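The values are calculated or read from the model by the stated rules, or taken from the named source; none is laboratory data. No experiment lies behind these values; they were computed from the predicted model shown. Here Cβ is always computed from backbone atoms with ideal geometry, including for glycine, and neighbour counts include all displayed protein chains.
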């Protein structure tokens, strides 16, 4: 088969996929394309549900130096660089949480979709007033926006989420986007909450393969082969251990040292916000 013939077949297949997606009004949209086409601004949907902010408050997150890194961490280095339509977590959440609470605490994910979608599953249509900065008056101004998109809560099995990616793929994606890696892991995978245990409390038992005394959530994640984020810091900031099954850890190092030279495997955003990661795999006695 000629290269031209193969190219035409691939093009036809691509068109079929695009047509199928366009025929489903509830299909997730490409994040980067939504923002680039001004169909939504980062923050109009559920980007800041984690912070409990409304779209009207985001103006000050963009302009206030105290919060500008948060906007960068959430929007300009993550959501606006997502050249895909993976669903992302509404909130960081604890592994195995099935209790009653606000949307997101049980690991719900979301994406943008067409405003023709009627099955938003708890999401909402965009539109209405949003506070923006009026350059002429140097004051905030509420303007009425007309939008053709909604955001929906995704359904496992029907939509693909970041958490469906295995850790190497997720971490490489974070590097490619120039994202704050430690934020991306928590937008994909559940956590062992620091109040349950930090990495220093479980490290030696994990290394020894002595899983019985580990916290129940961590033990269940290991048994199921589900990635789980374990923080080093009791406050939940900084370095992480991303545990994947009984044998694999992805160490996310964090350094605030401005003079530190970045290792070749590390892609950092800013000198004071560097995450580097490396993989450690254990060979248990049963494998020898």
>> Consider the range 180-209. How many of its residues are touching a residue at least 60 places away in the same chain (Cβ under 8 Å) and under 26 Å from residue 72 (Cβ atoms)?
In response: 12
>> Of the residues 214, 218, only one is in contact (Cβ under 8 Å) with a residue 12 or more places away in the chain, in a loop (DSSP other than H, G, I, E, B) and assigned by TED's automatic domain parsing to the domain that holds residue 186; which?
In response: 214
> Which condition does residue 230 not pass, out of (1) surrounded by fewer than 19 Cβ atoms within 10 Å (Cβ to Cβ); (2) at pLDDT 95 or above, if it passes all the others?
Replying inline: (1)
> Restricting attention to the range 149-169, does a residue exist that is free of Cβ contacts under 8 Å to residues at least 60 places away in the same chain, out of contact with any strand residue (DSSP E or B) (no Cβ under 8 Å at 6 or more places or on another chain) and assigned to a helix (DSSP H, G or I)?
Replying inline: yes
>> I need the full set of residues from the range 270-288 which are at pLDDT below 50, within 25 Å of residue 68 (Cβ to Cβ) and either touching a helix residue (DSSP H, G or I) at 6+ places or on another chain (Cβ under 6 Å) or in a loop (DSSP other than H, G, I, E, B) (or both), in order please.
In response: 271, 272
